[in-house]
Amino acid sequence: LIGLVGSEMCIRDRLNTVRFSPIDKIVARQLLQLPLNTQLILFAADSGTQNPYKGWPLLKKALGRMSGSNMAIVVLGNFLCPDEISSFPFASYSMGKISDEYSLTLLYNAVDVYVTSSLAESFGQTIIEAQACGTIPVGFDLGGIPDIIEHEKTGYLAREKDIEDLSLVHISEPTSPI
């Protein structure tokens, strides 16, 4: 993992880019039984809706400002309670915990955008995994997130804790690449 390249220390990336790579979005959605003609927004965090550092309340407020009957939120990491689901202005899908890389790859490929509303992120492994699958990442401009996302080139950096900026993220047609 750590080694020397010449006289400099090198920390090698451990992301399997053979496994985490783009595949057909329609096929991914069919396999996961997700709608084909809906703009899908992914939020992923272990105990994310319960973990205050993952910023679920901010994302929930931002989602409330977004309009579009052709949109849905996909939550990975834990199941949404019925109260959470009824509060969205559009459909939601709870994927529960997924631990194998093949299923994660399918999910990243099935969605149009991956949003992390994390308030403390030193290294966003899920952001890198989503990018490797060709999915547009969106996150707050804080912690290690700006080291991964180049604003409006490789994703979108919303101003820190700014739900208005986070809610302005527009996604295009469901099958459009970045």
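The values are calculated or read from the model by the stated rules, or taken from the named source; none is laboratory data. What you are looking at is a predicted structure, and each value in this text was computed from that prediction instead of being measured. Here Cβ is always computed from backbone atoms with ideal geometry, including for glycine, and neighbour counts include all displayed protein chains. The accessibility values were calculated without ligands, DNA or RNA, using every heavy atom of the protein model including side chains. Shrake-Rupley method; radii C 1.70, N 1.55, O 1.52, S 1.80 Å.
Matching residues to (1) open to solvent by 10 Å² or more (accessible area, probe 1.4 Å); (2) modelled with pLDDT under 90; (3) under 26 Å from L31 (Cα atoms); (4) in contact with a helix residue (DSSP H, G or I) (Cβ under 9 Å, 6 or more places away or on another chain):
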site	(1), (2), (3), (4)
L106	yes, no, yes, yes
V111	no, no, yes, yes
E121	yes, yes, no, yes
E152	yes, no, no, no
A158	no, no, no, yes
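Residues in the range 1-58 that are over 18 Å from K97 (Cα atoms), among the charged types (D, E, K, R) and modelled with pLDDT under 95: E8, R12, D13, R14, R19. Filtered by the rule that a residue be in a strand (DSSP E or B) and closer than 23 Å to N37 by Cβ, the range 91-120 gives A91, S92, Y93, S94, M95, V113, Y114, V115. Regarding the range 71-90, can at least one residue be identified that is at pLDDT 85 or above and part of a loop (DSSP other than H, G, I, E, B)? Among the residues of the range 71-90, not one is at pLDDT 85 or above and part of a loop (DSSP other than H, G, I, E, B), which makes the answer no.
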